[in-house]
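Participant: Mind having a look at this structure? Questions to follow.
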Amino acid sequence: MAIDDAMRKRLDGIARSYQALTERLGDPDVIADSNLLMKVMSDRSKSEDVVNAYNEYSKLSEELMGATELFQEAGDDQDMREMARAEMKEIESKLEELEKQIQVLLLPKDPNDDRNVMIEIRAGTGGSEANIFAGDLVDVYRKYMTSQGWKVSIIDESKGDDGGYKSITLDVRGDMVYSKMKWEAGVHRVQRVPATESQGRVHTSTATVAVMPECDEVDVKIDPKDIELSTMRSGGAGGQNVNKVETAVDLLHKPTGIRIKCTQERSQLKNKELAMKMLMSRLYDIENEKREMEERAKRGSQIGTGARSEKIRTYNWKDSRCSDHRLGQNFALADFLSGEIGKMIDAMVAKDQEERLKALSEDI
């Protein structure tokens, strides 16, 4: 799909907006207001890659015109014609790559891509081995998140008796967290001999990963009448206060049956705020999942339904293999365990872009 007049007009408009935002960065009123300055910088950065690619495309287009003129004016000078032809071929190849890049950059963005996330990992079938596997996933994600420079904190956890976690909820903050971690949502299956297995038999266990974009009251409206709240003593470590005062919170959202218990904080108010935050994220995630499933079904997606119950990967210890079922592709298990999941995420992003470009070309 070459850049036509309609796309060129759109790109010219983006370039004008980018230039206007660049000029605003020098406005004393903008500089004096830190919040406004951050917003202008954020808006400008969203179109920076498109503008840079378009500028390069325009520059190369001019160079191609010059090379074409040189070829036409060369007459019988074979050396000059060959030199011009080689230059034209090289420029045309670069322009083709830039066209693809610009088309991808112009695809509609997922509105949640730049949000922070809550990640909930729950052990599934497999008993103690499932708990241990859930712990393995936490370790892998922590390594990856550290490599990305993201901040990770535990919001809630329930540890397994033999190690790992029955469930754990992480708060992850950083640059474009959801855009990368959303591809980890779904059921992960492991096939290996558990440490507790005396007969050397391979067991199959699962863990479910939910990736919920951070949201607030603007995104989700909750009727106070739909909330049932009770308090209790936290127990465990944390000093006398948490054991004698009812600091823990048990929150029930009656319409959905979602129940959240928060014991992490040392005050009831903070636990209540945290429980509400977790509830909002789960409700928003339910709506987000519906939207994603509808969009993928509409374009006949080959990278899965987007449902949280979908089996996305199998990790086979015997063959040292990690199989992504959405991609139909195998990866080295050792790389995954080292937290090197970037290749898998990049492959998912590329597949998604390919599908959306195909759907776009079919609509035209």
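Participant: Quick one: which residue in E355, E289 is modelled with pLDDT of 80 or more, closer than 23 Å to H188 by Cα and either surrounded by 15 or more Cβ atoms within 10 Å (Cβ to Cβ) or hydrophobic (A, V, I, L, M, F, W, C) (or both)? Can you show your working first?
Facilitator: On the way: E355 fails: closer than 23 Å to H188 by Cα.
Testing whether each residue is modelled with pLDDT of 80 or more, closer than 23 Å to H188 by Cα and either surrounded by 15 or more Cβ atoms within 10 Å (Cβ to Cβ) or hydrophobic (A, V, I, L, M, F, W, C) (or both) leaves just E289.
Participant: Is it the case, given these coordinates, that S205 is within 26 Å of K343 (Cα to Cα) and not in a strand (DSSP E or B)? Give the derivation first.
Facilitator: On the way: within 26 Å of K343 (Cα to Cα): yes; not in a strand (DSSP E or B): no.
Against the criterion (within 26 Å of K343 (Cα to Cα) and not in a strand (DSSP E or B)), S205 does not qualify.
Participant: Pull out all pairs, ordered by first then second residue, where Cβ-Cβ is under 6 Å, the residues are six or more apart or on different chains, the first lies in region 200-221 and is among the polar types (S, T, N, Q), and the second is modelled with pLDDT of 85 or more and part of a strand (DSSP E or B).
Facilitator: T204/Q191; S205/V190; T206/V187; T206/R189; T208/R122; T208/V187
Participant: Can you tell me which residue among A53, A15, A6 is out of contact with any Cys (no Cβ under 8 Å at 6 or more places or on another chain), assigned to a helix (DSSP H, G or I), open to solvent by less than 40 Å² (accessible area, probe 1.4 Å) and within 30 Å of R85 (Cα to Cα)?
Facilitator: The match here is A53.
Participant: A further question follows. Please determine, by comparing only the residues of region 211-234 that are at pLDDT below 85 and open to solvent by 80 Å² or more (accessible area, probe 1.4 Å), which one is farthest from N112 (Cα to Cα).
Facilitator: Taking the candidates together, the pick is R233.
Participant: Scan region 21-38 residue by residue and report those that are assigned to a helix (DSSP H, G or I) and loosely packed, with under 12 Cβ neighbours inside 10 Å.
Facilitator: Result: E23, P28, D29, A32, S34, N35, M38.
Participant: If you don't mind, another one. Filter region 133-183 down to the residues that are open to solvent by less than 50 Å² (accessible area, probe 1.4 Å), touching a Gly at 6+ places or on another chain (Cβ under 6 Å) and not small (G, A, S) and list them by number.
Facilitator: V140, Y144, W150, Y165
Participant: Could you tell me whether N112 is open to solvent by less than 80 Å² (accessible area, probe 1.4 Å) and touching an Asp or Glu at 6+ places or on another chain (Cβ under 6 Å)?
Facilitator: Details: open to solvent by less than 80 Å² (accessible area, probe 1.4 Å): yes; touching an Asp or Glu at 6+ places or on another chain (Cβ under 6 Å): no.
No.
Participant: With the requirement that a residue be in contact (Cβ under 8 Å) with a residue 12 or more places away in the chain, among the aliphatic types (A, V, I, L, M) and closer than 26 Å to L357 by Cβ, what does region 1-45 give you?
Facilitator: Residues satisfying the conditions are M1, A2, I3, M7, L11, I14, A15.
Conditions tested, residue by residue: (1) under 25 Å from M344 (Cβ atoms); (2) of a type in the set (G, A, S).
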| position | (1), (2) |
| --- | --- |
| W150 | yes, no |
| K159 | no, no |
| Y165 | yes, no |
| T169 | yes, no |
| V177 | yes, no |
| G200 | no, yes |
| T204 | yes, no |
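The values are calculated or read from the model by the stated rules, or taken from the named source; none is laboratory data. On a predicted model such as this, the values are computed, not experimentally measured, just so you know. Every residue, glycine among them, receives a Cβ derived from its backbone with ideal geometry; neighbour counts consider all protein chains shown. For the accessible areas, the whole protein counts, side chains as well, though only heavy atoms, and no ligand, DNA or RNA atoms are used. Shrake-Rupley method; radii C 1.70, N 1.55, O 1.52, S 1.80 Å.
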